[in-house]
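Worksheet: one structure, shown below.
The values are calculated or read from the model by the stated rules, or taken from the named source; none is laboratory data. Note that this is a predicted model, so its numbers are computed, not measured. Note that we place each Cβ from the backbone using ideal geometry, even for glycine, and neighbour counts take in every protein chain shown. Keep in mind that these areas ignore ligands, DNA and RNA; they rest on the heavy atoms of the full protein, side chains included. Shrake-Rupley method; radii C 1.70, N 1.55, O 1.52, S 1.80 Å.
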Amino acid sequence: SLGKNKNLFETLSKKWRIFKSIKATNKLSVNFPIERHLKQTSAIKNNNNIMNYHATSPARFAELVNRDLLEAYAPAAVLINRVYEILHFQGPTVNYLEFPKGTPTHDLITLLREGLRTRIRTAVNYVLKNNQPIVDLDANVKRHGHYIPCTITVRPVFDPKLPSELLLVTFEEKQDSVSHKAIPPTTPSLPDHDSSIIEQLEYELNATREDLQSTVEELESSNEELKASNEEVMSMNEELQSANEELETSKEELQSMNEELHTVNSDLQLKVEELEKSYDDTLNLLSSTHIATLFLDRKLQIKLFNPTIGELLNLRESDIGRSISDFSAKVANSDLVTDAHQVLKKLTPIEKDVWSMENNKKNRCYLRRIVPYRTADNHINGVVITFVEITERYQQAQYLEQCVQERTKELHDRNTRLNTIMKHASQAIVVMKENGRITDFNRAAENMFGYHVDEVLGKNIEQLVPVMNVEPQKAANTTELNVKKSLITLAPQMLIAIRKDNIKFPIKLTTTTIAKNKLCIGIITDLTENLALKKAIAEISVSEQEKLGREVHDSLGQRLTGINLLASDLKRNIEKDDVQSGKALTQIIDQISLSIGEARNISHGLSPTLFPPQKLQDALIKLVKIADKANIQSKVEFSKVLQIADNTIAIQIYRIAQEAINNVIKHSKATKITLRLINHLDQMMLEVKDNGIGIKLKEDEADWGIGLKIMQYRASSINSSLFIESSPKRGTSVRCIF
């Protein structure tokens, strides 16, 4: 708010409290020509009191004329601003202004004589509203106890250099009043005297009424302003209260921010420690590596380097901050600065081979790599230059290039030979694209499948080898080729093929992928005779095992039982005479009993009791309990509905599970074993899985051990597929799908 400075500002908006400064005009300083007068005086004295008028300025003459004219003819006037502050006096203003006692003031209303205040206030308000001059011809001023008629003129004064509007108020006595004052008044009669007193009182009453009316209007205006001010004060009070609440909230936020800053400070301290550790690690890494490394900023000035590049580019620790172009290197490095600018411009790494020069001869070869230096916020802050010695690699590359040329010739010759071999190979060879379309078909494949090569070219391999029902396996040492959501692995697979006459026969398919040409080569072997031979061998093996089991059970078991009975009888006879011999016989009897139990287990394993197919689950549960005796945790899982109609299939599945469990107990060092017999699509699956050390499978089944081969023979004898997966320290999984 304005407070006590209302006279210095003009109100533009009470609601928004916008005010305009009203600056008083600068009073012109009066130039007193003291020096010139002194010179004139001295000139007068020196020249016998004769004036030198030619030395006087013409402006001085104009000033004297204007002064005398203003004093003689100009009326009394004052220059005021909008708040009635007198800025300049002109003429005999003492006839209209009365200077009070006490503190001097420039307020026009205060200085006016009685009778002029209401007239001046009304005239000023009119000029301020209408911006037009006004003349009051009925004004009277009280002087020496009498009211003297006068004329008041108020006109606006415009000057673009002044900050606010100014008003010029002039006072001029009427000519008849002056002449009347010059003639001494005669003694009036009593009625005339009373009438003049009445007129004077009426005039004073009218002036008082006008002052009162003006005062009432000003009071009403002041009341409205006070109401508006009160509303503004109330609004400001609410704003202050709101601001106070905001300050309290800000205080709480500052306290919270202070706590957060304390936490951030702790985090920053940890970050500083981490940065120090990272810096130490970086220094140790740079000093220990054999790769010459140099860090440059955007101006290609050295920031950091390791000792290796210090020897290569003749750098020292005192060179940090210098431009890299100031140094001569031991390598042919003329385009280093150009390449660095190129990397900063395009942000693309540049690699070049450079040579170190000794006696103008190439000595060592280096791979120079320039990459952008990126900050954590992905800003480019320079480049990183590394030199890696590749002398041996360069020499090897030259040697390899020569070898490649020789090898290319050999491969061309070999390709010719391979084409000849493929045509005359005894095994069927099929070449396919990555989508399974056949591109080549040799004569052996024609004889095996009964198709001519023209009949199968462009056909899908699934027409010959439907692999949809093959359980996909991904061994650790094989890769896969996806053919219409079917899987053909590089490892040999036992599959079923279809001849031209729709006769199915077993095959062994070995595939090799050529990623560059996107081709797959399949070598197919007819296993019809092999499977018949394997089945015969499996049947002979089963027969021999059953025969051996019966012999162990009937011959060795009965003999051991007889020996056990004789030893028991002997023990009873000896215990009466010799206690120590009785103890020895007791130990012998215990060992014979254990041997009898082991013989029974062996005979049961070699020749198990025949059971119907529906009892296969019970037999597998008893088989898994052997693992429990070996301190191996076992788990069994069966499907709710299992349908095995053939007793031969049940026996072979039991044998496969028996062989797998025996391998786990004897060789795997496992702690857990899981046996599952579940439905699998439209087939059934037996799975034996452990968490042991695993076994190393060979790609060729001919190199498998006797146990794995027997399981493979048993699976093939019932026309089923056997899959074995194993990896070191992850166990082994044996699955048979039948």
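Miscellaneous remarks
- Thr512 accessible area, 1.4 Å probe, all protein chains in place, Å² to nearest 10: 70
- Probe 1.4 Å - accessible area at Val272, Å² to nearest ten: 70
- Rounded to the nearest 10 Å², the accessible area of Val431 at probe 1.4 Å: 20
- Cross-link pairs beyond the 27 Å C-alpha cut-off, checked among Lys504/Lys635; Lys635/Lys666; Lys508/Lys640: Lys504/Lys635; Lys508/Lys640
- Label sites at Asp267 and Lys129, each approximated as a point 7 angstrom past Cα along Cα to Cβ, lie 6.9 nm apart.
- Most to least accessible of Leu8, Leu167 (protein chains only, probe 1.4 Å): Leu8, Leu167
- Spin-label proximity, Ile496 to the range 428-454 - amide N less than 18 Å from point 7 Å beyond Cα toward beta carbon: 449
- Each label was represented as a point 7 Å from its Cα along the Cα-to-Cβ direction; for Leu565 and Thr208 these points are 16.4 nm apart.
- Residue order for His452, His146 - accessible surface, 1.4 angstrom probe, largest first: His146, His452
- Where Ile521, Ile302 fall by accessible area, highest first, once all protein chains stay in place (1.4 Å): Ile521, Ile302
- Qualifying chymotrypsin sites (Phe, Trp or Tyr not before Pro) in the range 80-178, DSSP loop, other Cβ atoms within 10 Å at most 13: Phe158
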